[in-house]
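As structure tokens, the structure follows; a few thoughts come after it.
The values are calculated or read from the model by the stated rules, or taken from the named source; none is laboratory data. Just so it is clear, the model here is predicted, and its values are computed rather than measured. Glycine gets a Cβ as well: all are built from the backbone with ideal geometry, and neighbour counts include every protein chain shown. Remember, those area values only see protein heavy atoms, side chains included, never the ligands or the DNA or RNA. Shrake-Rupley method; radii C 1.70, N 1.55, O 1.52, S 1.80 Å.
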Amino acid sequence: MVIQRREDVVGCRRSIQMSALHLVFLGTSAAAPTAHRNVSGLFLKREGQAFLFDCGEGTQRQMIRLGTGFSLDAVFFTHFHADHYLGIIGFVRTLGMLGRTTPLLLVGPKPAATFLPTIIRLGVDEVTLPIEIVEVEPGQVVFRGAGYRIEAFPTDHRIPSVGYALVEDARPGRFDVTKAQAFGIPEGPLFGKLQHGEAIQLPDGRVVSSADVVGPNRTGRRIVISGDTRPCNGTIAAAKDADVLVHEATFGDSEQLRAFETRHSTAREAAIVARDAGAKRLVMTHLSTRYDREPETLVKQAREEVKPDTLVEVAEDGMVLEVPVHD
Ligand SMILES: [Zn+2]
Ligand SMILES: [Zn+2]
């Protein structure tokens with residue numbers, strides 16, 4: 001399927017083709033859209049697989065504008081407030097019209113199993129593609145791909161809610177060809193055995209272990225998406241040493257009480273979560289309309305709480321974030 005791309009979204013098309021794991025922010029406004037920001041939607045692509053995290057009203061149009069394509073494997077809902085799910089109705093309708101026949105997985109906390117079928121039936125006369133619905137409990141692994149998993153973790157909002165973490169398996173360490181040659185190991189299948197952790201025996205009887213020529217395992221990437229939540233231990237645990245923590249920051253310091261009452265977070269609280277987790281990069285999203293055009297206030301308040309080497313930023317609609325592998 002070809003989706004018309006627009007070149008006026010800075011650098012988006014080029015970036016998407018370059019990275020093996022990237023995020024595209026489709027909607028970064030809390031509760032209601034503005035002229036600059038749509039409601040919640042985050043696209044994540046890892047090699048051949050693509051996912052949406054939340055699907056607020058207008059998400060499919062953002063996907064067209066930003067050239068993400070519609071070939072999704074799953075949509076993960078953090079909770080069922082309307083600014084996070086209304087877009088799924090139109091999206092499923094469009095997929096039906098496009099003739100999609102591969103199954104679409106929809107995942108969310110309670111009451112996903114009863115709620116999702118109801119809203120989809122409401123908006124789609126005849127659902128022509130197979131839809132699989134999974135209602136998750138926090139702590140559950142909800143998706144397994146080649147070399148990674150996506151798990152749900154507990155968050156603290158007004159209704160049942162979860163966040164999601166994409167966690168990659170560790171990769172084997174770097175193979176040191178120079179060392180291998182110094183041992184006199186001929187290039188070929190023996191290299192492969194060593195790379196996969198096996199010891200080998202050379203024709204002269206010497207035994208070379210994998211650790212002699214292969215470096216320590218390289219940790220996988222960890223991407224964490226909080227959804228709407230108060231700062232909580234569930235997110236801190238899930239975001240331990242995360243490459244990227246996408247955390248809601250609906251409010252600034254002046255609405256601290258409102259953040260508490262509505263079970264949202266301030267930018268400062270999001271930063272404290274990032275700091276306590278040791279996350280390398282904090283991306284704040286789900287902004288109250290009052291910060292729509294001046295998110296710098298939130299960045300300033302957040303920066304006061306994190307270590308100087310932590311990257312802190314506010315997401316914009318259309319922002320593409322590439323996450324490099326660990327060396
Ligand atoms: Zn929300
Ligand atoms: Zn909410």
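Structural remarks
- When residues in segment 272-296 are screened for being more than 26 Å from Pro160 (Cβ to Cβ) and among the small types (Gly, Ala, Ser), 1 of them pass.
- Selected residue (only one of Ala50, Ala32 is more than 15 Å from ligand 1 (Cβ to nearest atom) and either surrounded by fewer than 23 Cβ atoms within 10 Å (Cβ to Cβ) or assigned to a loop (DSSP other than H, G, I, E, B) (or both)): Ala50
- Number of residues in segment 293-323 that are open to solvent by 20 Å² or more (accessible area, probe 1.4 Å) and touching a residue at least 40 places away in the same chain (Cβ under 8 Å): the value is 8.
- Hits in segment 134-159 (condition: assigned to a loop (DSSP other than H, G, I, E, B), touching a strand residue (DSSP E or B) at 6+ places or on another chain (Cβ under 9 Å) and over 15 Å from Asp73 (Cα atoms)): Val136, Glu137, Pro138, Gly139, Gln140, Gly147, Thr155
- Considering residues of segment 109-133 that are part of a helix (DSSP H, G or I) and aliphatic (A, V, I, L, M) only, the residue modelled with the lowest pLDDT: Leu122
- When Ala274 is tested against (1) free of Cβ contacts under 8 Å to residues at least 40 places away in the same chain; (2) within 27 Å of Pro172 (Cα to Cα); (3) more than 15 Å from the chain's Cα centre (by Cα); (4) buried (at least 20 other Cβ atoms within 10 Å of the Cβ), only condition (2) is not met.
- Some residue of segment 84-98 being open to solvent by less than 10 Å² (accessible area, probe 1.4 Å) and not in a helix (DSSP H, G or I): no
- When residues of segment 140-171 are limited to those that are surrounded by fewer than 22 Cβ atoms within 10 Å (Cβ to Cβ) and aromatic (Phe, Trp, Tyr), the one farthest from ligand 2 (Cβ to nearest atom): Tyr148
- Qualifying residue in segment 57-72 (condition: more than 11 Å from ligand 1 (Cβ to nearest atom), in contact (Cβ under 8 Å) with a residue 12 or more places away in the chain, touching a Phe, Trp or Tyr at 6+ places or on another chain (Cβ under 7 Å) and in a loop (DSSP other than H, G, I, E, B)): yes
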